[in-house]
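First up is the structure itself, then whatever we jot down about it.
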Amino acid sequence: MMQEISSPLRGIALTLEKVEFFARLRNRLLSGGLRLRGGWLQILQTAVAACVAWFLAVLLLGLDLPTFAPIAAVISLGLAVSERGQRAVELTVGVAFGILIADFLVSILGVGAVQAGIVVALAMTVAAFLGSQEIGVKEAAISAMIIMITFRSSEAGLPLDRFLEALIGGGTALLINALLPVNPERMVSEAAHPLFEESVNVLREVADALDGGDAQRLRDAYLKAQEIDARVSGLKEAVVAGHETARLAPSRRRSLGHLELYAAAADQIDLTVRDVRALARAALAVVQPGSSAPERLSRAIRGLARATESLGVYLETSGAPEDTRTFALEAAREATVMLEEYEDLARNLAVNAVVDQIHSSAVDILRSTGMDRGAALQTQWEVTGRTSAG
């Protein structure tokens, strides 16, 4: 009897395993497709740069088999988009000087383990002395090692071909980056969207947890809020890179105005993310076993979620900021009215901390829409009758 029962169970288990396998496979394929969709332009840029660098090295230097021109081009475009520009120049200089110094030293010292250490140390020293950043210094060392490995004793003197190859490769990379630029607005939007989405989700989780008096759910929301910080640095890097791309690439100049909107709001967005974390932390002290917070408090927090979501739309579309400001001010007003309705809560330090954080968040959202600090504080005072540290 047991064998008759176990056989169908094994069949069900195998079926579930197959379903899970194909689900994982489908998710992997979808994820891979999304990564390719986001990275196809960088692949094209790198392939074209390697081809053009090779061709220019043959044309300008008369080389039969260029080596360092395509390598320098690929390395420069292999940088993250946010690290290009000045860092690509530093990398190119590091490669070029590493090659020049290694060519000279290897022709004198020869090839060997000790010589490799000496050549690498001297190449890195000179690169650092000339002001190269970390990536340029490392590339100087890598270039020196390539020279050591590929050195042929028949080579004499101080050949400049490989030095010039590196400059050609790096210059080609910068040119291709300008002629085939990524879409800076899309790059910034893709960096900003998860930040706003996750902040909105945390605020809604906090509101739901307050409604249910669920301390564990609040703690989980607070942990999620802590993880959002890393998104802010990514957004700031994307804004800088996008601005640089739009400035250097004629076809992307029209994006500068939109990117200025993000640039002006970047620091305030940072504060808004911190506000979400601080609000989740403050809410932890409000929840008492077996009790829930007043509905107006969770309603105010949901209002902040709407304001945060609206802020993301405003920045992405370069639209009007009125809706965002209205949602933020309504959230602050709801919190104030709650204190007026519940006298006991007005004396509760934990609840007051949450209300103060709601007001502070509202001010930071207002400032993210272009209002200066004084105007934001004045507008909130007119609506709520309370001031905020902002």
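The values are calculated or read from the model by the stated rules, or taken from the named source; none is laboratory data. As the structure is a prediction and not an experimental result, all values here were calculated from the model. A quick note on method: Cβ atoms are made from the backbone with ideal geometry, for glycine too, and the neighbour counts reach across all protein chains shown. All accessible areas refer to the heavy atoms of the entire protein, side chains included, with ligands and DNA or RNA removed. Shrake-Rupley method; radii C 1.70, N 1.55, O 1.52, S 1.80 Å.
The Ala47 and Gln226 beta-carbon pair, evaluated with R₀ = 35 Å, returns a calculated FRET efficiency of approximately 0.30.
A 1.4 Å probe run over the protein chains yields, for segment 209-328, 47 Å² of accessible area per residue, whole-number rounding. Here the spin labels are modelled as points 7 Å beyond Cα on the Cα-Cβ line, and at Glu382 and Leu180 they lie 5.3 nm apart. The Asp372 and Phe104 beta-carbon pair, evaluated with R₀ = 51 Å, returns a calculated FRET efficiency of approximately 0.30. Expressed as a whole percentage, what fraction of the accessible surface of segment 245-309 belongs to carbon and sulfur atoms when a 1.4 Å probe is rolled over the protein heavy atoms? Solvent-exposed carbon and sulfur of segment 245-309 make up 49 percent of the total. For Trp40 and Leu60, a Förster radius of 41 Å and the Cβ-Cβ distance give a FRET efficiency of 0.85, rounded to the nearest 0.05.
The overall shape of segment 188-245, judged from the alpha-carbon gyration tensor, is prolate: a/c is not under 1.5, and a/b is greater than b/c. Computed with the Debye formula from one identical point scatterer per Cα of segment 202-336, without solvent, the log10 of I(q)/I(0) at q = 0.12, 0.18, 0.19, 0.20 Å⁻¹ comes to -0.55, -0.99, -1.05, -1.12.
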